[in-house]
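Undergrad: Please find one structure pasted underneath; my questions will follow.
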Amino acid sequence: MNGIVILISGRGSNMQAMVEAGLPVAAVISNRADAAGLGYAAGRGIATAIVPHRDYATREAFDAALAQVIDGFRPELVALAGFMRILTDGFVLRYEGRLLNIHPSLLPAFPGLDTHAKAINAGVKLHGCTVHFVTPQLDHGPIVIQAAVPVLPHDDEASLAARVLMQEHRIYPQAARWFLEEKLVIASGVVRVKGDHPQQLYAP
């Protein structure tokens, strides 16, 4: 087994954070040929691949082609990092227990898109990000680690998103490292980390 395969659709800033953290990234795969993160990965000698979703008539066909490419790298872990495709249940179950995602909210609050606007409009005082194992239910699954930031009175979507993104870059590499070091234990849908490492971070 060979490290991590990371799936991206754009700049892949969380992918970059994993690379810069020294994690063993085996490959970066995108559904878009123009994803900026592909150039970053290639420039660091990481294998890249493109599986254009528009080349396939169904989600199932795309997911099957994507899985074939992923499996060619024999990864221990598959990490979604801004991969803007809803994956089929079959794909998710194929990688059950070794498929991670990062979501820009404190799940289970604000699943789906536009999380920062939702947080501001709801008047919450804490917002943040979550790394979780992927399950067939969108933006659910056992939570590995979360980071919280305050929602400030002057925040707009952009300012809040920027502060949350900084925390994403902290917690996603940490979660992936725990996985590779076999420190994550899931029991009754709850993730614990061997060694009693903190699974929550708070940013001022």
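The values are calculated or read from the model by the stated rules, or taken from the named source; none is laboratory data. Everything numeric here is computed off the predicted structure, so don't read it as measured data. Cβ coordinates were reconstructed from backbone atoms using ideal geometry, including for glycine residues, and neighbour counts include every protein chain displayed. Note: areas computed on protein heavy atoms with side chains; ligands, DNA, RNA excluded. Shrake-Rupley method; radii C 1.70, N 1.55, O 1.52, S 1.80 Å.
Undergrad: Taking the alpha carbon gyration tensor of the range 96-152, what are the square roots of 5 times its eigenvalues, largest first, to the nearest whole Å? Spell out each step's value before the answer.
TA: Numbers: eigenvalues 95, 26, 9 Å².
One finds semi-axes of 22, 11, 7 Å for the range 96-152.
Undergrad: Could you work out how much longer the chain between Arg192 and Ala122 gets when fully extended? Use 0.36 nm per residue separation minus the Cα distance between them, nm to one decimal.
TA: 22.2 nm
Undergrad: Here's a follow-up. With all protein chains present, how much of the accessible area of the chain (probe radius 1.4 Å) comes from carbon and sulfur, to the nearest whole percent?
TA: 54
Undergrad: Just the number please: accessible area per residue for the range 1-77, 1.4 Å probe, all protein chains included, in Å². Numbers along the way, then the final one.
TA: Details: 3470 Å² over 77 residues.
Heavy-atom SASA per residue in the range 1-77 reads 45 Å².
Undergrad: Hey, another quick one. In nm, to one decimal, how far is the Leu93 label point from the Glu182 one, both placed 7 Å along Cα→Cβ?
TA: About 2.7 nm separates the two model spin labels.
Undergrad: How much accessible surface area, in Å² rounded to 10, belongs to the heavy atoms of Lys194 with a 1.4 Å probe?
TA: Probe radius 1.4 Å; accessible area of Lys194 about 110 Å².
Undergrad: OK, next. Roughly how big is the chain's charge dipole about its Cα centre, with Cβ charges of +1 (Lys, Arg) and -1 (Asp, Glu), in debye to the nearest 20?
TA: Roughly 240 debye, rounded to the nearest 20.
Undergrad: Here is a follow-up. Give the Rg (one decimal place) followed by the Dmax (whole number) of the chain, computed from C-alpha coordinates and expressed in Å.
TA: Here Rg and the maximum Cα pair distance are 16.5, 49 Å.
Undergrad: Evaluate the distance, in nm, between pseudo-label points positioned 7 Å from the Cα of Asn2 and of Arg170 along their respective Cα→Cβ axes.
TA: About 3.4 nm, to one decimal.
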